Amino acid sequence: RMALAHLLRAFGDWDPDLPPLREATEAERGMIRWQIERELNAPLTSSMGRLFDAVASLAGVRHRARFEAQAAMELEALAEGLAGAPYPVEITGGAPLVLEPGPVIRGVVDDLAEGTPPARIAARFHATVAEAVVRVSEQVRASRGLDRVVLTGGVFQNAVLLGATRQGLDAGGFEVFSHHLVPPNDGGIALGQAAVAHAC
């Protein structure tokens with residue numbers, strides 16, 4: 001679903017030869033398109049995890065997840081130990097800054113057309129997300145003078161992404177903080193909620 005939604009947004013239509021289109025039945029494609037076009041039961045999401053889901057499906061790695069973050073974990077495993085140039089990164093907006101997914105999706109589709117292996121696509125995608133974090137951090141530093149960056153959220157359970165992002169931020173002269181004792185995902189949120197409740 002996420003791959004089909006991103007493809008529709010990036011291209012305005014679907015190429016039936018792409019992996020997620022081949023995977024989906026005609027009925028599924030029709031229903032998903034109907035929901036997207038009518039904005040029915042298809043809320044917008046800013047979740048990085050959903051972008052990982054879309055890229056995993058595009059690359060033919062995982063179309064249907066059986067548990068949370070399965071697609072992201074499989075992309076991470078493919079990317080481990082590989083280098084890759086980032087896809088085009090476009091940052092828009094001001095408050096908040098937004099990573100536009102369209103150039104990333106179009107870059108993945110271009111790679112697919114050239115026969116790029118899924119592992120190379122996975123490596124390039126991880127490099128792209130890391131580059132986006134660095135670029136956003138640079139813009140925030142330029143506008144607000146901040147040079148400390150905290151890497152948190154479930155996506156930073158991904159060791160490949162965490163390492164690449166930290167490396168880019170270190171090279172840019174940022175002071176970088178990441179989790180050591182408390183998990184960056186929902187476990188950390190739950191602990192924070194408990195701390196706030198205890199303080200009240």
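The residues of the stretch 109-158 that are free of Cβ contacts under 8 Å to residues at least 24 places away in the same chain and part of a helix (DSSP H, G or I), listed by number, are Asp110, Asp111, Ala113, Ala142, Ser143, Arg144. Of all residues in the stretch 9-28, those that are open to solvent by 70 Å² or more (accessible area, probe 1.4 Å) and outside any loop (DSSP other than H, G, I, E, B) total 6.
Just one of the listed residues (Val61, Val55) is part of a helix (DSSP H, G or I), crowded, with 16+ Cβ neighbours inside 10 Å and under 17 Å from the mean Cα position of the chain (by Cα), and it is Val55.
Within the stretch 11-20, the residues that satisfy the criterion of being under 21 Å from the mean Cα position of the chain (by Cα) and at pLDDT below 95 are Gly12, Trp14.
Filtered by the rule that a residue be assigned to a helix (DSSP H, G or I), over 11 Å from Ser137 (Cα atoms) and of a type outside the set (Gly, Ala, Ser), the stretch 166-177 gives Arg166, Gln167, Asp170. Here the condition is being among the basic types (Lys, Arg) and over 24 Å from Leu161 (Cα atoms); of Arg64, Arg120, Arg106, Arg29, it holds for Arg29 alone.
Among the listed residues Glu100, Glu74, identify the single one that is within 30 Å of Ser143 (Cα to Cα), among the acidic types (Asp, Glu) and surrounded by 15 or more Cβ atoms within 10 Å (Cβ to Cβ). Of the residues listed, the single one that is within 30 Å of Ser143 (Cα to Cα), among the acidic types (Asp, Glu) and surrounded by 15 or more Cβ atoms within 10 Å (Cβ to Cβ) is Glu100. All of (1) modelled with pLDDT of 95 or more; (2) open to solvent by 70 Å² or more (accessible area, probe 1.4 Å); (3) in a loop (DSSP other than H, G, I, E, B) hold for His180 with one exception: (1).
Of the residues making up the stretch 77-88, just one is open to solvent by less than 70 Å² (accessible area, probe 1.4 Å) and modelled with pLDDT under 95, namely Gly84.
The values are calculated or read from the model by the stated rules, or taken from the named source; none is laboratory data. Remember, it's a predicted structure, so these values are computed and weren't measured experimentally. With ideal geometry, Cβ positions are generated from the backbone for all residues, glycine too; neighbour counts draw on all protein chains shown. The protein model used for the area step is the full one, side chains on, heavy atoms only, and it has no ligands, DNA or RNA in it. Shrake-Rupley method; radii C 1.70, N 1.55, O 1.52, S 1.80 Å.
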